[in-house]
Every structure is written in structure tokens, then in C-alpha cells.
Amino acid sequence: MTSLRRAALVPVVLAALLPAAACGSDEPSGDDSGPDMSGTLTVLAAASLTESFEVLADRFEAAHDGVSVELAFDSSATLAEQVNQGAPGDVLATADERTMQLVTDAGSAAGDPEVFATNELVLVVPAGNPAGIDELADLDGGDSDYVVCVESAPCGALAASVLDDAGIAAPPASEEVDVKAVLSKVELDEADAGLVYATDAVAAGDRVQAIDIPAAGDAVNRYPIVATADAAEPDLAAAWVELVLSEEGQQVLRDAGFGAP
């Protein structure tokens with residue numbers, strides 16, 4: 001089984017992710033009725049899906065001998081733009097439907113996207129909470145630096161909505177490209193707090209302390225997935241989408257803290 005390789009989503013790297021030609025006809029384990037599959041599947045996914053999709057990629061490779069999965073994680077807005085510009089990728093999973101709509105409107109999706117998970121925001125602080133932040137309202141005191149995603153990213157748009165609803169007037173200290181960058185700032189104690197997805201707080205473990213946002217349940221992002229119109233491996237793309245939507249895939253997502261579709 002080919003080991004999983006991760007890639008940052010930039011044009012130069014994407015050029016190197018062109019799917020490999022089919023190189024065999026080994027039958028995928030656990031599915032005697034499915035087509036023989038081999039080659040490289042390239043999955044473009046929102047940064048907040050990193051841990052879950054890495055688990056699923058290992059399982060996908062184990063179930064399909066001769067198949068390698070390439071995962072490229074980035075901001076959903078960046079992913080959508082790259083797909084619309086013809087970047088190589090067989091499957092796209094974004095962190096909100098608004099961003100996915102940019103891809104479907106451009107004719108870059110093969111069929112209709114399907115929602116497979118939901119996510120909401122939490123406030124995270126560094127381990128030990130050195131700034132003594134106990135609730136979202138503490139961000140408005142002027143003594144703490146907090147960070148969010150850029151508003152073009154789904155996590156940033158959601159954060160802007162939550163902050164506006166809470167009446168937080170203090171601006172963020174910085175706006176990061178994606179939710180993993182926000183989380184990293186907090187983990188490294190380079191920010192007093194940050195707004196990230198609940199799943200990212202779970203993934204960070206004891207490196208951060210999560211503080212629930214009471215109104216966050218009213219502002220939830222829905223995650224859609226679709227095979228791309230230019231998929232070089234459409235059979236593999238369909239099998240990946242099927243895995244994500246299956247009970248097995250849904251359990252991996254639940255374990256990571258995602259909500260039901």
C-alpha cells in the first residue's frame with residue numbers, strides 16, 4: 001500500500017499532483033462487486049478536515065490495493081478558485097456551501113454536491129489561559145489579542161457573524177488564511193484567543209482550552225463534497241465520496257467532533 005502523502009495547495013505543488021496513470025487491476029478488498037481500481041486519487045479539502053480525511057485516506061488505500069491518495073488542504077476559498085482555474089483534483093470538499101456554489105456555478109463540479117458534515121465555532125485559548133479569558137465578551141475589553149480567519153474563508157465568515165451577533169467591537173489582532181493557522185497562533189501562545197471550529201479544538205487536545213460560545217449553535221457551517229468535472233480518476237472520486245457519506249466515514253467525522261449533515 002502506498003503511504004499517504006500530504007501537499008500544500010499552491011499552483012506549483014498542484015502541478016506535481018497530476019494523478020498517476022492506472023497501473024494495475026487489483027480488486028479493492030471488501031468489495032467483490034466493484035470495479036478494479038488503481039492510480040492516484042487527489043482530494044482537495046478544507047483545512048478543518050485534515051485529521052478526519054487523513055484517517056479516511058489510510059482506510060481507502062487499505063481497501064483499494066494499488067491506489068494512492070494525495071490530500072491537499074487549504075482554505076475553501078483558495079480551493080474553489082484553484083479548481084475553477086483547472087488545478088488537478090478529483091474531489092473537492094469545502095467548509096461551507098457558499099464557497100462550493102462558486103464551483104458549481106462555474107461548471108467545475110460533476111453533479112450536485114452532497115452535504116456530509118456540519119461544524120460550529122468555539123473560542124480557544126492557550127493552555128493555562130494566560131490572558132484569563134472566560135467568555136466571548138472578554139475579547140471586547142481591549143487587553144487581549146484574538147485572531148480569526150480571513151472573511152473570505154468559511155471560518156472567517158462564520159466568525160464575523162458570531163462576533164457581530166455578540167456585539168464584539170474590538171477588531172482581531174490578525175486574520176489568518178485558514179482555521180489551522182488560527183489554531184497554530186493560539187497553540188504557540190502568539191495570540192490570547194482564537195475562533196476555530198469545534199473539531200480543531202478536539203484535534204488540538206490539551207494544547208488549547210476550548211470555551212463554548214452559547215450562540216454558536218445558531219451559526220453552523222455545512223460541508224459539501226463533490227467530484228470535480230475534470231477528475232482524472234472519476235471512479236476513485238466516486239468511491240471516495242461514497243466512503244465519506246458511508247456510516248464508516250460518518251463515524252470518523254463524529255469522532256473528530258463534526259455534527260451530522
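The values are calculated or read from the model by the stated rules, or taken from the named source; none is laboratory data. Note that the coordinates shown come from a computational prediction; the quantities given were computed from them, not determined experimentally. Note: ideal-geometry Cβ built from the backbone for every residue, glycine included; neighbour counts use all protein chains shown. We work out accessible area using only protein heavy atoms, side chains counted, and drop any ligands, DNA or RNA first. Shrake-Rupley method; radii C 1.70, N 1.55, O 1.52, S 1.80 Å.
Tabulated results
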| read-out | value |
| --- | --- |
| Distance cut-off 17 Å, percentage of C-alpha pairs in the range 149-209 lying past it | 35 percent |
| Largest-first ordering by accessible area, 1.4 Å probe, given options Thr42, Thr78 | Thr78, Thr42 |
| Radius, Kirkwood style, for the chain when every pair of distinct Cα atoms is counted (Å) | 18.8 Å |
| Relative contact order (%) - the chain, alpha-carbon pairs under 8 angstrom, separation at least six | 25 percent |
| Fraction of antiparallel bridges per DSSP, the chain only, in percent to nearest 5 | 50 percent |
| Added length on full extension, which subtracts the Cα-Cα distance from 0.36 nm per residue, Glu190 to Ala62 | 42.2 nm |
| Computed over the range 122-224: relative contact order in percent, which uses C-alpha pairs under 8 Å that are six or more apart | 43 percent |
| Cα-based equivalent ellipsoid of the range 137-180: semi-axis lengths in Å, sorted from largest, via gyration tensor | 18, 12, 6 |
| Prolate/oblate/rounded call for the range 174-261, Cα gyration tensor, a/c under 1.5 rounded | prolate |
| Distance histogram in 5 Å bins (all Cα pairs of the range 44-100, percent per bin) | 4, 19, 28, 22, 15, 9, 2, 0 |
| Range of Cα positions in the range 110-186 per principal axis (Å), largest first | 49, 26, 19 |
| Between 0 and 90°, nearest 10: helix 50-63 axis offset from the chain longest Cα axis | 20 degrees |
| Tilt relative to the chain, helix 234-245 - C-alpha long axis, 0 to 90 degrees, to 10 | 40 degrees |
| Folded to 0 to 90 degrees: helix 154-166 orientation relative to the chain principal axis, Cα | 30 degrees |
| Label-point separation, Ser174 to Val220 (7 Å along Cα→Cβ), nm | 3.2 nm |
| Antiparallel DSSP beta bridges within the range 106-259, as percent of all bridges there, nearest 5 | 75 percent |
